[in-house]
Amino acid sequence: MEFKRARTEEQKRQRLEGIVRAVDGLLDRYPYREITMAMVADELGFSRANLGHYVKTKEEMFLLLYLHDLEGLHAELAQMTASDDRVVAEDGDAVGRGIEEFSGRLAAACARHRNVGRIGALLSAIIETNIDVDRLTACKRTMRELAEDGARLLAARFPFLAPGDAAELVMVLVNHVAGLYPGTHPVPIQQEALRRASFEGAARDFEGALRRFLVVQLNGYRALSQRS
């Protein structure tokens, strides 16, 4: 198929979306270290040189995929906070139920947008070390904006969360997801090592473990707010 370079912003957006889908599909079948830009180009049906019109490095493609899922997660958070009543502090039982229900929904959303964890585990040590600083700055700006708005949404949903606490919780959540995901999704060599070591202590239920983590965090901030 003849390659036609994108001429408009909409065409460029569509081409980048195709790249993101291709990378996501390859990551389902191969470990990160084995995926190359040539493999992505083959998935898309054009050359490595043509792919270079849109992304310069393998790491840039994975950063785009990470941002895609981060934005999707933020959109779900905005939707669930918009449709819910604020959890007010006067009724302790209602607050507890609200925390449990919200934590389950947010954990499920994190599971759906799995690349926040799957790629987040590689982000700072690998992916961000081989990318143009201007492009990385633009991505970091997007991450900051999403984090700030996510904190605002959480503080509106749970009035016991001070703005600073809400911002802290967002960062803790993102970092916890990045650490939890590889532990609950071991690759074959890790699975074999765990089997040989008879090591059954690692969590296997990503969504359940994340839900419990969120319940603990939110109840902890709630307790701190009651002491102040």
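Numerical summary
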quantity: With every protein chain in place, region 112-210: carbon and sulfur % of accessible area (1.4 Å); calculated: 57 percent
quantity: Modelled FRET efficiency - R0 30 Å, LYS140 with GLN14, Cβ distances, 0.05 increments; calculated: 0.75
quantity: Answer label for percent of Cα pairs over 20 Å apart (calculated), chosen among [x] 57; [y] 64; [z] 68; calculated: [y]
quantity: Sites THR57 and VAL187, calculated FRET efficiency, Cβ-Cβ separation with R0 25 Å, nearest 0.05; calculated: 0.60
quantity: Carbon plus sulfur fraction of accessible area for region 16-71, probe 1.4 Å, in percent; calculated: 51 percent
quantity: Computed lengthening from GLU43 to ALA197, 0.36 nm per intervening residue step minus Cα-Cα distance; calculated: 51.6 nm
quantity: Selected from ALA178, ALA193, ALA147 as most flexible by GNM, with the chain as the system and alpha-carbon contacts under 10 Å; calculated: ALA193
quantity: Restricting region 126-228 to GluC sites (Glu not before Pro) in coil, as DSSP defines it, with at most 15 other Cβ within 10 Å; calculated: GLU200
quantity: C-alpha center-to-center spacing [region 21-67, region 172-224] in angstrom; calculated: 28 Å
quantity: Rounded to 10°, Cα long-axis angle of helix 133-157 versus longest principal axis of the chain; calculated: 30 degrees
quantity: Per residue, in Å², the accessible surface of the chain once ligands and nucleic acids are set aside, probe 1.4 Å; calculated: 55 Å²
quantity: Assigned charges on the beta-carbon of Lys, Arg, Asp, Glu; the chain dipole about Cα centre (debye); calculated: 520 debye
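The values are calculated or read from the model by the stated rules, or taken from the named source; none is laboratory data. Computed from a predicted model, the values in this text were never measured in an experiment. Quick reminder, even Gly has a Cβ in these numbers, built from the backbone with ideal geometry, and neighbours come from all protein chains shown. These accessible areas exclude ligands, DNA and RNA; they are computed on the full protein's heavy atoms, side chains included. Shrake-Rupley method; radii C 1.70, N 1.55, O 1.52, S 1.80 Å.
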